[in-house]
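Take a look at the structure below.
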Amino acid sequence: MRRLFILSFFLFSLCCEEAMAQPDVEQRIEETIAQMTLHEKVQLLHAQGKFSSAGVQRLGIRELHHSDGPHGVRAEVDWNTWGTANWTNDSIVAFPSLTCLAATWNRDLSSLYGHAIGEAFAFRDKHIMLGPGVNIARMPLCGRNFEYMGEDPYLAGVMVVPYIREVQKLGVACCLKHFFLNNQEINRFGVNVHVSERALNEIYLPAFRSAVQQGGVWTVMGAYNKWLGTWCCENDSLLNGILKRQWGFDGAVVSDWGGVHSTLGAAFGGMDIEMGTNTDGKTIDRSHGFNSYYLADAFESLVRKGEISEKVLDDKVRRVLRTIFRTSMNPNRAIGKQCSPDHYEACLRIAEEGIVLMKNDKHLLPLGGNRYRHILVVGENATRSLTEGGGSSELKTKYDISPLDAIRDAFPNAKVDYAQGYYSGRPLYGKAQERLDESRQDALREEALSKATEAEVVIFVGGLNKNGFQDCEDSDRKEFALSFGQPELIKALATRNKNLVVVTFGGNPFDTLWSSSVPSFLHCWYLGSMSGRAIANLLTGETNPSGHLPITFARRLEDYPCFKGGERTYPGVDGEVYYDEDIFVGYRYFDTFGVASAFPFGHGLSYTTFAYGKPSVRVTEDAIDVDVPVTNTGKCGGKEVVQLYVGVAKEKSRDFAHARPLRELKAFDKVALKAGETKTVTLTLPKHALQVFSPDSHRWEMRQGKVRIYIGTQHIDVML
Ligand code: GLC
C-alpha cells in the first residue's frame, strides 16, 4: 500500500511539474492580449516577410516562420521575394510524396513520416509547415495531386492524422491545405466551385474534418478558389461556419499566398493570418508594403473607427497567439535533426511500402541479386532528380540516389548499361513545355532499342515528372498519355526484349494501354531522397512490394466522370465549374456504373500470394466487428492490406444525386505474414460509418435495411 502511495504521489508531482514547466497556453494568451496595443494586435494578422508573420517585439512575443512542405523543408527563400536565399546550410532530406504515403495504407508509417519531417522542420527553426494537403483527386490531370492523398476521403483522412499528430508533438504546426475544393490548377486563383451538399459532406470535407477533429491540426490554409461565389480565404460559411463553429477548430487560418482580396472579406470571413498578398500589385507600392495588406492599416483604421468591433480582432489575435505559444514559444519545442540516418531510413521505408506492383505476369520480378549479368536501364527518370521542380513543394536535397546508381549498387556482378531513351526538356514551374527536338528524340530512342536486344533484362524508368504541365503546381496536364514518346518507346522495347520491367514515377494516373505488352510494371509516385534504393530493393526482392493504389487508373481519360459534362465539369466555363458527378468520384463511379478500369483503386500485387478465409461478423451496440482470417500462401514473407467496403447489393438508380455507390472504403488494416502464416485481422466498423448524407433531409442519416460488406472478393450482408 505504501509503495502504491509513493508511486501515485510521484506520478502526481510529475504531472504538476509538467504543468508548471508549461504555463497554461490560454492563461498566457489572456495575459498577453491584455498588454497589447491595437496596432500590435493587427501586426500579428499579416506577413512581415514572404514566409514570416510578426510577433510583438516589445512584449517578447516571437514571430512565426512558415515554410513549405509537405515533403521536406523548402530551401530558404529571400525575406521579401520568391527568390532563393542561396544558403548553404539548408540542404535536406526529401521525403516521399504524400500520395506515396497514402499508397502504403500503413498508419504506422504515417506516424514515422510525421516524426521525421517534424524534426527536420524544428531543426530549421520553422514553426508552421505548409502542409499536408488532402484535396481529393477528383480530376486525374490536376498538377498537384502528387501532394495529396488520393481519391478516397476515408483513406486520406485516416492516413493524414498520425502525420499531423507526430509533427505537432514536436512543437511544429501543420497547416492543412488547401481548404477547400482546390481540385484543379487551371484557373486556381479564381474558379468558383459548384458542388452538392451531399458531395461536400461525403467526399470533399471528411479528410479535412478528420485532420481537424482527430489530428488536432493547429493551422489551416484557405484555398485560392471560390465556393458559393466567395473566396475560400474570405468565406464566412466555410471558415467561421464549418471549420471554427461546427468542427471546433481553435487554431489560426492562414491564407494561401495572395488568397486574400479584401479587408472586410478577411475580417468577417474567418481569415487570421494574411500571407503573400502582392503588395506590388496594390495601389500603394511601398518598399515592403506589408502595412498595405488588407488585414493591416486598412483593417486597423476600421477597428479604430468602430466599424469593426475589437471582438472580431481579438478572436483572430487569440488564434495567432495560441499558434505562437504552441510553436515558436513552446518551451518543450524539439531541437530536431537534419539529414540524420534515421530520417533517410524513414524515407526508405515509406518509399518501399508505397511502391505498387501493378503487374508481374511471368514472375519476372524479383530479379534476384545475381541471376543476370547484363542489364540495360532506359529512361530519363533513371537519372533525373524528381525532388526539384513541381512548384512550392520543390526541395534542395543533400543526398538523392538515382534509380540507375542504386541498380548498379544492387547488381554488382552485372554489367548495367544505360540509355536515356527520351528527353523531357527542363521547363520547370509554370513555364510552357519547351519544343522538343524530334531528331534528338529519335536518336535517343534508336540508341535504347539497339542496346535492348543485347541485354538479358531491360528496366525502363519513366513516367511523369515535375515539369510544368506534368506534375506541377499552377498547371494541369494536357494529355492522359505519358509524354515525350514514352508509350511508343515502351512498346518498341517490348518487341526487342521480352524481359522488360517498366518502372514509372508520377502523382497521377496515366494511360497504361502499353502495359499489355509488358510483363512487369511498378508504379512509384515520387519517392524522395532514397528513390533509387527503394526501387532497387524491390527489383532484387530485398523488399516485397506492398503498396496499393489510392487512385483509380482508368483505361481512358474520358472514363473519369469529371469529363462527362464537357468544359462545365472541367475546367469550367467563365470561371464556374460544376461537380455534376456528385459523390461518384474515382472507384465510386467505376464500380457503381460498371466501367472497367485499367488498375482499380486498392490494387497492389506482391511477390507472394494471400488467401482469405470466411469472414465472421459480430454486431455490437455501436459497431460491427469483422474478423478476417488471412493466410500467406506463397513462399516469401509479405504484407497484405485487408480492405473493408460498405455498400448496397445492387444500385439500380442512375441518378447521380440520389444513387448510392456500390461500395465505399470504411476500414482497412495492413498485416505482415510469413510464408504459410495465418492471422485473423479484425476490422471495426463504427455504426456512424454507416450513415449517409441525405440530399433530401440535408443531414446525416443511418442506412436502413440490408448493408453489404465487401472484403476482398467476398461479401456478407448485414441487416441493420
Ligand atoms: C502557393 C501554394 C501553397 C504554398 C504557398 C507558399 O501558391 O498554393 O501550397 O504553401 O504558395 O509557397
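The values are calculated or read from the model by the stated rules, or taken from the named source; none is laboratory data. Everything numeric in this text was worked out from a predicted model, so none of it was measured. When we count neighbours, we look across all protein chains shown, and the Cβ atoms used for this are built from the backbone with ideal geometry, even at glycine. Surface accessibility is based on the protein's heavy atoms, side chains included, excluding ligands, DNA and RNA. Shrake-Rupley method; radii C 1.70, N 1.55, O 1.52, S 1.80 Å.
Figures for the structure shown
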item: Charged-residue dipole, Cβ positions (Lys, Arg, Asp, Glu), the stretch 187-340 about Cα centre, Debye nearest 20; result: 460
item: Considering only the chain, percent of DSSP beta bridges that pair antiparallel, nearest 5; result: 60
item: Other-chain or far-sequence residues with amide H under 5 Å of K50's (modelled H); result: N80, T81
item: Portion, in percent, of the accessible area of the stretch 163-274 that falls on carbon or sulfur, probe 1.4 Å; result: 50
item: Reachable lysines, given that their alpha-carbon falls under 19 Å from the alpha-carbon of K169 and they are not under 8 places away in the same chain; result: K126, K337
item: In Hz, Karplus ³J(HN,Hα) per residue of the stretch 266-277 (6.51, -1.76, 1.60; θ = phi - 60°; x = Gly, Pro); result: 5, 5, 9, x, x, 7, 10, 10, 8, 10, x, 5
item: Förster radius 35 Å - calculated FRET efficiency between K398 and R703 (Cβ-Cβ, nearest 0.05); result: 0.10
item: Contact order normalised by residue count of the stretch 55-209, Cα under 8 Å, 6+ apart, percent; result: 25
item: Protection proxy ranking of 328-338, 292-302, 345-355 - average other beta-carbon atoms within 10 Å, highest first; result: 345-355, 292-302, 328-338
item: Cβ-Cβ FRET estimate between R555 and K687, R0 fixed at 51 Å, reported to 0.05; result: 0.85
item: Ranked packing of 188-195, 141-148, 251-258, most packed first, by mean Cβ within 10 Å; result: 141-148, 251-258, 188-195
item: For the stretch 307-330 versus the stretch 437-502, the gap between their alpha-carbon centres in whole angstrom; result: 52
item: Surface accessible to a 1.4 Å probe, per residue, for the residues of the chain, Å²; result: 37
item: Carbon/sulfur fraction of accessible area - the stretch 585-713, other protein chains in place, 1.4 Å, %; result: 54
item: For the stretch 341-552, share of DSSP beta bridges that run antiparallel, in % to the nearest 5; result: 15
item: Positive-end residue of A156, F290, M329, charge dipole of the chain with Cβ unit charges; result: A156
item: Set of lysines near K674 by C-alpha distance (under 24 Å), chain-local residues within fewer than 8 positions excluded; result: K359, K362, K614, K635, K639
item: Contact order relative to length of the chain, as percent, for alpha carbon pairs under 8 angstrom and 6 or more apart; result: 14
item: Most to least packed among 219-230, 618-629 [average Cβ atoms within 10 Å]; result: 219-230, 618-629
item: Hits among lysines - C-alpha to C-alpha of K316 under 17 Å, sequence gap 8 or more where chains match; result: K41, K244
item: The stretch 404-523 - percent of accessible surface contributed by carbon and sulfur, probe 1.4 Å; result: 49
item: Förster radius 41 Å - calculated FRET efficiency between V617 and A657 (Cβ-Cβ, nearest 0.05); result: 0.85
item: Relative contact order of the stretch 274-374, pairs being alpha-carbon contacts under 8 Å that are 6 or more residues apart, as %; result: 10
